[in-house]
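The structure appears below as structure tokens.
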Amino acid sequence: MSNKMWGGRFAEGPDAALEAINASIDFDQRFYAQDIRGSQAHVAMLARQGILPEADARAIAKGLSDILVEIEAGDFKFSRALEDIHLNIESRLAELIGPSAGRLHTARSRNDQVATDFRLWVRDTIDSTDKVLAGLQTALAKKALAHAGTIMPGFTHLQSAQPVTFGHHLLAYVEMVSRDRGRFADARARLNESPLGAAALAGTGFPIDRHATAAALGFSGPMRNSLDAVSSRDFVLETLSAAAIAATHLSRLAEEIVLWTTPQFGFVRLSDRFTTGSSIMPQKRNPDAAELVRGKTGRVIGALIGLLTVMKGLPLAYSKDMQEDKEGSFDALDTLRLCTIAMTGMIEDLEPDAVAMKKAAGAAYATATDLADWLVRELKLPFREAHHVTGRIVGKASSLGKALEELTLSDLQEIEPRITDAIFNVLGVERSVESRTSFGGTAPANVAREAEAWQKRLADEASSR
């Protein structure tokens, strides 16, 4: 039997393989709310424009509302034979109100319908993603304020470089997440145009009002080219790009948590809420939540690459290849949300070991740069000469098996006779971090001020939603 929605041209039904590969209802049923919202706006416009009788419009609108209730109650029967969410809803509408249901599809196509649904869904998802990312920022800023003065080693090349504070380190991720939110906001602004009314690809001869449907759906206006409206998926690509970058930031933080929780680092401890044990080694406490955040980043990046590959060779306008835009996007954005919530929980849960951190911060001659800076400030040496002198001092300390602050004044003066005992004021890790008062520096006062500012900003954002 041919499909009753498009079967006029076809005498036979589809092969089972075609039905299986063609059907999208298993995943695009997630669009049900957006699809009904778009249909409600469309039918209201058709009635206002005199394209649809008022009685039919009222019946369609009520039927769509009833279908929404059925779906949300779990009473709706989705059918693969009807391919997608659009035909499933239209078929049920016909069962509820009769032949007038067929008037709903006047002046539109599934091409502009699915593009509208997907834009609405991505827009809704960006809004919910922004909230969980803001929650992560709040957790980071709160922990940063609590540890504005907790000293830890800063690393380059994963080698001890200069002392910083734990709060300063966490605020770096607050800044990264802020840019992630900005990228999502930019993507949202660009996608916020309505494809509805573009029909299959060329527009329609009916006197529709695309500006009215765009306004009803919260879009800034209708898309200006009907070909572009049905065939563009750059709004999804841009959103997935933002998601991939955000997931990469989460993965970097997850990797640090994995390292920090090892006995070799011993910087932080996660409770039982975010760790697991071993089936054979009873002493193990594994940071599985962090490892999974790190691992799941590949899924988000993969979705972006997958859709780029789908779109790269498609001529205008719509091709069925574009059905492949959804599953990866659903999975990627669901994954990012879950990973963000998990990371927020870990940040709230973890407790740093301040003693272990401070000890590590003073290792590997981490205040050598402070020594070089002192030589520049006090002895007026050119920095390159000061760098050379400091290198010789570090070499001497290493040969003696001492930390820099353990060297005697005579040890130092053997290399640079003009050094005074004032140099010992800069060789401790506390003095080192306190001295980094430049804008954006790690001085505890800076960190506390920035953490408080972020908490206020985020609280103000939350209250204005």
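The values are calculated or read from the model by the stated rules, or taken from the named source; none is laboratory data. Keep in mind that this is a model prediction, so the values were computed, not measured. Because the Cβ atoms are built from the backbone with ideal geometry, glycine has one as well, and the counts that use them run over all protein chains shown. We work out accessible area using only protein heavy atoms, side chains counted, and drop any ligands, DNA or RNA first. Shrake-Rupley method; radii C 1.70, N 1.55, O 1.52, S 1.80 Å.
Applying the selection to the stretch 78-97, what residues are open to solvent by less than 20 Å² (accessible area, probe 1.4 Å) and over 34 Å from the mean Cα position of the chain (by Cα)?
Ser91, Leu93 - these are the residues of the stretch 78-97 that are open to solvent by less than 20 Å² (accessible area, probe 1.4 Å) and over 34 Å from the mean Cα position of the chain (by Cα).
Does Ser39 satisfy the criteria of being open to solvent by 40 Å² or more (accessible area, probe 1.4 Å), out of contact with any Ser or Thr (no Cβ under 8 Å at 6 or more places or on another chain) and of a type in the set (Gly, Ala, Ser)? Walk me through it before giving the result.
Values: open to solvent by 40 Å² or more (accessible area, probe 1.4 Å): no; out of contact with any Ser or Thr (no Cβ under 8 Å at 6 or more places or on another chain): yes; of a type in the set (Gly, Ala, Ser): yes.
Here the answer is no, as Ser39 does not meet what is asked.
With closer than 29 Å to Ala47 by Cβ, hydrophobic (A, V, I, L, M, F, W, C) and not in a loop (DSSP other than H, G, I, E, B) as the only criterion, which of Leu64, Leu133, Leu140 stands out?
On the way: Leu133 fails: closer than 29 Å to Ala47 by Cβ; Leu140 fails: closer than 29 Å to Ala47 by Cβ.
So the residue among Leu64, Leu133, Leu140 that is closer than 29 Å to Ala47 by Cβ, hydrophobic (A, V, I, L, M, F, W, C) and not in a loop (DSSP other than H, G, I, E, B) is Leu64.
Among the residues of the stretch 265-282, what is the count of those that are assigned to a loop (DSSP other than H, G, I, E, B) and under 13 Å from Met346 (Cα atoms)?
First, pick out the residues of the stretch 265-282 that are assigned to a loop (DSSP other than H, G, I, E, B): 265-267, 270-271, 275, 277-282.
Next, only the ones that are under 13 Å from Met346 (Cα atoms) stay: 270-271, 275.
Total meeting the criteria: 3.
How many residues are in contact with a helix residue (DSSP H, G or I) (Cβ under 7 Å, 6 or more places away or on another chain) and of a type in the set (S, T, N, Q) when one looks only at the stretch 41-80?
1
I'd like the full set of residues that are under 15 Å from Thr367 (Cβ atoms) and open to solvent by 30 Å² or more (accessible area, probe 1.4 Å), limited to the stretch 397-415. Give the steps one after another, and end with the answer.
If we filter the stretch 397-415 for residues that are under 15 Å from Thr367 (Cβ atoms), which is where we start, we get 397-398, 402-407, 412.
Across the stretch 397-415, the qualifying residues are Ser398, Lys402, Glu405, Glu406.
Could you check Ala148 against (1) in contact (Cβ under 8 Å) with a residue 40 or more places away in the chain; (2) open to solvent by 20 Å² or more (accessible area, probe 1.4 Å); (3) of a type outside the set (D, E, K, R) and say which number it fails?
In the conditions (1) in contact (Cβ under 8 Å) with a residue 40 or more places away in the chain; (2) open to solvent by 20 Å² or more (accessible area, probe 1.4 Å); (3) of a type outside the set (D, E, K, R), Ala148 misses (2) alone.
Taking the stretch 152-168, which residues are within 26 Å of Gln137 (Cβ to Cβ) and either outside any strand (DSSP E or B) or in contact with a His (Cβ under 6 Å, 6 or more places away or on another chain) (or both)?
Taking the stretch 152-168 as the starting set, the residues that turn out to be within 26 Å of Gln137 (Cβ to Cβ) are 152-156, 158, 161-168.
Within the stretch 152-168, Leu158, Phe166, Gly167, His168 qualify.
Can you find even one residue in the stretch 375-393 that is in a loop (DSSP other than H, G, I, E, B), out of contact with any Cys (no Cβ under 9 Å at 6 or more places or on another chain) and among the small types (Gly, Ala, Ser)? Spell out how you get there, then give the answer.
Narrowing the stretch 375-393 to residues in a loop (DSSP other than H, G, I, E, B): 380-382.
The next check asks that each one be out of contact with any Cys (no Cβ under 9 Å at 6 or more places or on another chain); those that pass are 380-382.
This time we only want the ones that are among the small types (Gly, Ala, Ser), so: none.
No, the conditions are met nowhere in the stretch 375-393.
Mind checking which residues of the stretch 208-221 are under 18 Å from Leu46 (Cβ atoms) and either of a type in the set (D, E, K, R) or open to solvent by 20 Å² or more (accessible area, probe 1.4 Å) (or both)?
Ile208, Asp209, Arg210, His211, Ala212, Ala215, Ala216
Hey, among Asp75, Asp117, Asp112, which residue is modelled with pLDDT of 95 or more and open to solvent by 30 Å² or more (accessible area, probe 1.4 Å)?
Working: Asp117 fails: open to solvent by 30 Å² or more (accessible area, probe 1.4 Å); Asp112 fails: open to solvent by 30 Å² or more (accessible area, probe 1.4 Å).
Exactly one of Asp75, Asp117, Asp112 is modelled with pLDDT of 95 or more and open to solvent by 30 Å² or more (accessible area, probe 1.4 Å), namely Asp75.
Met1: over 31 Å from the mean Cα position of the chain (by Cα), under 12 Å from Ile89 (Cα atoms), open to solvent by 30 Å² or more (accessible area, probe 1.4 Å) and modelled with pLDDT under 90, yes or no? First the steps, then the outcome.
Details: over 31 Å from the mean Cα position of the chain (by Cα): yes; under 12 Å from Ile89 (Cα atoms): no; open to solvent by 30 Å² or more (accessible area, probe 1.4 Å): yes; modelled with pLDDT under 90: yes.
No: the conditions fail for Met1.
Starting from the stretch 89-110, keep only residues that are farther than 18 Å from Gln29 by Cα, then list their pairs with residues that are among the hydroxyl-bearing types (Ser, Thr, Tyr) and buried (at least 18 other Cβ atoms within 10 Å of the Cβ) whose Cβ atoms are within a distance under 7 Å, requiring at least 6 positions of separation or different chains.
Partner pairs satisfying both residue conditions: Leu104/Ser39; Ala107/Thr204.
Quick check on my filter: what residues within the stretch 47-72 are under 21 Å from Gly205 (Cβ atoms), open to solvent by 60 Å² or more (accessible area, probe 1.4 Å) and touching an Asp or Glu at 6+ places or on another chain (Cβ under 9 Å)?
Selection gives Arg48, Gln49.
Before we move on, is Ala364 touching a His at 6+ places or on another chain (Cβ under 9 Å), touching a residue at least 60 places away in the same chain (Cβ under 8 Å), among the hydrophobic types (A, V, I, L, M, F, W, C) and open to solvent by 10 Å² or more (accessible area, probe 1.4 Å)? Steps first, answer last, please.
Working: touching a His at 6+ places or on another chain (Cβ under 9 Å): no; touching a residue at least 60 places away in the same chain (Cβ under 8 Å): yes; among the hydrophobic types (A, V, I, L, M, F, W, C): yes; open to solvent by 10 Å² or more (accessible area, probe 1.4 Å): yes.
No; evaluated as a whole, the condition is false for this residue.
For every residue, the table says whether it meets (1) among the basic types (Lys, Arg); (2) at pLDDT 95 or above.
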| residue | (1), (2) |
| --- | --- |
| Glu12 | no, no |
| Ala17 | no, no |
| Phe31 | no, no |
| Ser39 | no, yes |
| Arg48 | yes, yes |
| Ile60 | no, yes |
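Please return the ranges of helices (runs of 4 or more DSSP H) entirely within the stretch 9-50 where 3 or more residues are more than 16 Å from Phe78 (Cα to Cα).
Details: elements: 16-22, 25-28, 32-48.
Of the helices (runs of 4 or more DSSP H) lying wholly inside the stretch 9-50, those with at least 3 residues that are more than 16 Å from Phe78 (Cα to Cα) span 16-22, 32-48.
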